[in-house]
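The values are calculated or read from the model by the stated rules, or taken from the named source; none is laboratory data. Since the model is a prediction, treat every value here as computed from it, not as a measurement. Cβ atoms come from the backbone with ideal geometry, glycine included; neighbour counts cover every protein chain shown. Side chains included, ligands, DNA and RNA excluded: accessible areas come from the protein's heavy atoms. Shrake-Rupley method; radii C 1.70, N 1.55, O 1.52, S 1.80 Å.
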Amino acid sequence: MKHIKTVVKGSLKEKKEKTGCGECQTSCQSACKTSCTLANQRCEKKIR
Amino acid sequence: MIHTFTHNGAGFVLDVETGSVHMLDGEAFEAVRRLEQIEKDGGDIDAALKEGGPLMEEISALKSEGLLFSPPDEDAGMPESVVKAMCLHLAHDCNLRCDYCFAKGGAFAGRRELMSAQTAKAAIDFLISVSGKRRNLEIDFFGGEPLLNFEVLKETVSYARGIEAEHGKNFRFTVTTNAYRVTDEMKEYINKEMNNIVVSIDGRPHVHDAVRKTAGGRGSYARVAENAKALLLNREGEYYVRGTFTADNLDFAEDVLHVADMGFSGVSIEPVVTTGANAIKEEHLPAIFAEYDRLAAEYARRRKNGSGFTFFHFMVDLGAGPCRLKRVRGCGAGTEYIAVAPTGDIYPCHQFVGKSGYRLGSVYETGLEESVAKRFEDCNIYNMEDCKNCWAKYYCSGGCAAANYNINGDIQKPYRIGCEMQRKRLEIAIGMAALERMEDE
């Protein structure tokens, strides 16, 4: 019997060359003005 | 590093360095939580895993696959510092006098003034000049109340649109307004031209009116609610109704739900950051955590029955979130995001405008003051002592530099009570997203 179910395999260790394009929205331009949350922003490449 | 937590009766573990999330049964939760403690104490995880048995073998397999107990990358890299977003303070004046306003009624502790069209256009030119290869450039029309300077807003949009193609740029506009005075012309124009609209409403009428008052001291709710509905309810593009809760309304879930019940689909209610009379204190945290749980239960129920809305702080896209480099340095204040005062002076973000020692330059000069910019480059989760061992570091990225400064006098010293609330919201957000994924499968 399996005790653990993987919900998502995270991508934070993606190759550096594929990341950091800087084209995504700046968090303060969405709705955050004081309680910075980055993880709720979208990757520009994955929106397309 | 790993982090175990529960949400809605289910157990989860987050693998911090990869962002992998696993759901655990009761036996696995206890075992992984024990391993988490061994890791925190600097013990030997592999030795513990050698105890054997099917559960330990399962955990070992995940570790071998790089999905649990993943080590940090030694060569993870740093994001480039290229400015591509600008908060344009069209008006250092406001038609409201909100009690908690960091801009001191719109004047930012200076004199009341509007930005000229000349300065706004110089700001657009400056942004293009420093944005390098970045194609998508963002402008947030901000204040005070930016619609007090609507003619300059229009002129700025027209100017930027007129030159973006020749520079290979794409401007995206946001307006942040209190919606106290919005004419029919403004409604039509900003719905057409703005990529995002942010309107400030704090929730229930008595909560809103207690703090968001006119210069004459009257509440602004009735007029703002009417204008906001007319502005947003038929909008097809992105928008948020955002507000602030304080120690005076710790039942803030009612305010979030009130805004959703007004028909708005994008909602953000943030905790106030202040040392004033209605500040959030340590003793308020248990009530706030319980309120977030109560909100989460109703939020999930509405999403399931098709009447859902988006609560900004419960949004985490487990599959399509930002890359690691984006998460290293928070909002990018002072490195990819700057604010421009009506005089043309540049600051790291809207909250630093007018603060001594934080002027970065002027749209009438070239480049940015390196010593100030360097302080914000260094403000990242690799350098911030309190963040290095925090499981939430890739989700809040060190928090808001202005909040850190306002509470602790140091942009690198996280606002601890803010961190506590952030971690609570993130457990809910990750837990909810995980449960929704499991149900979809």
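Of the residues screened, B:Ser200 is not one that is away from chain A (no Cβ under 14 Å) and at pLDDT 95 or above.
Among the residues of the stretch B:402-433, the one identified as more than 26 Å from B:Asp317 (Cβ to Cβ) and small (Gly, Ala, Ser) is B:Gly409. Criterion first (in contact with a Pro (Cβ under 6 Å, 6 or more places away or on another chain) and modelled with pLDDT of 95 or more) does B:Ala91 satisfy it? For B:Ala91, the condition - in contact with a Pro (Cβ under 6 Å, 6 or more places away or on another chain) and modelled with pLDDT of 95 or more - is met.
B:Gln351 satisfies every condition listed in (1) polar (S, T, N, Q); (2) at pLDDT below 95; (3) within 30 Å of B:Thr119 (Cβ to Cβ); (4) open to solvent by 30 Å² or more (accessible area, probe 1.4 Å) except (4). Considering only the stretch B:291-305, I want to know if a residue exists there that is part of a strand (DSSP E or B) and more than 13 Å from chain A (Cβ to nearest Cβ). No. If you filter the stretch B:208-237 down to residues that are crowded, with 18+ Cβ neighbours inside 10 Å and within 22 Å of the chain's Cα centre (by Cα), you find that the one that is farthest from B:Gly263 (Cα to Cα) is B:Val211. Taking the criterion of being of a type in the set (A, V, I, L, M, F, W, C), open to solvent by less than 10 Å² (accessible area, probe 1.4 Å) and either under 14 Å from the mean Cα position of the chain (by Cα) or within 11 Å of chain A (Cβ to nearest Cβ) (or both), the residues of the stretch B:402-441 that qualify are B:Ala402, B:Ala403, B:Met421, B:Leu426, B:Ala429, B:Ile430, B:Ala434. Residues in the stretch A:1-29 that are open to solvent by 70 Å² or more (accessible area, probe 1.4 Å), at pLDDT 90 or above and either in a loop (DSSP other than H, G, I, E, B) or under 16 Å from B:Pro79 (Cβ atoms) (or both): A:Lys2, A:Lys9. Of all residues in the stretch B:1-32, exactly one satisfies the criterion of being surrounded by 20 or more Cβ atoms within 10 Å (Cβ to Cβ), assigned to a loop (DSSP other than H, G, I, E, B) and among the aliphatic types (A, V, I, L, M), namely B:Val16. Let me confirm something: among B:Val182, B:Val199, B:Val157, B:Val207, which residue is at negative phi, without any contact (Cβ under 8 Å) to a residue 40 or more places away in the chain and touching a helix residue (DSSP H, G or I) at 6+ places or on another chain (Cβ under 6 Å)? Within the list B:Val182, B:Val199, B:Val157, B:Val207, the selection yields B:Val157. Checked against the criterion of being assigned to a loop (DSSP other than H, G, I, E, B) and open to solvent by less than 10 Å² (accessible area, probe 1.4 Å), the stretch B:250-271 contains one or more residues that satisfy it.
Restricting attention to the stretch B:306-336 and to residues that are hydroxyl-bearing (Ser, Thr, Tyr) and part of a loop (DSSP other than H, G, I, E, B), the residue that is surrounded by the most Cβ atoms within 10 Å (Cβ to Cβ) turns out to be B:Thr335.
Scanning the stretch B:277-288 for residues that are more than 22 Å from the chain's Cα centre (by Cα) and open to solvent by less than 30 Å² (accessible area, probe 1.4 Å) turns up nothing. Just a yes or no: is a residue in the stretch B:337-345 over 24 Å from B:Met115 (Cβ atoms), of a type in the set (S, T, N, Q) and either open to solvent by 50 Å² or more (accessible area, probe 1.4 Å) or more than 12 Å from chain A (Cβ to nearest Cβ) (or both)? No.
When B:Gly77, B:Gly53 are checked against the criterion of being open to solvent by less than 40 Å² (accessible area, probe 1.4 Å), facing chain A (nearest Cβ under 10 Å) and within 30 Å of B:His22 (Cβ to Cβ), a single residue qualifies: B:Gly77.
Kindly establish whether B:Glu291 is touching a Ser or Thr at 6+ places or on another chain (Cβ under 7 Å) and either in contact (Cβ under 8 Å) with a residue 12 or more places away in the chain or open to solvent by 60 Å² or more (accessible area, probe 1.4 Å) (or both). Judged against the criteria, B:Glu291 is not a match.
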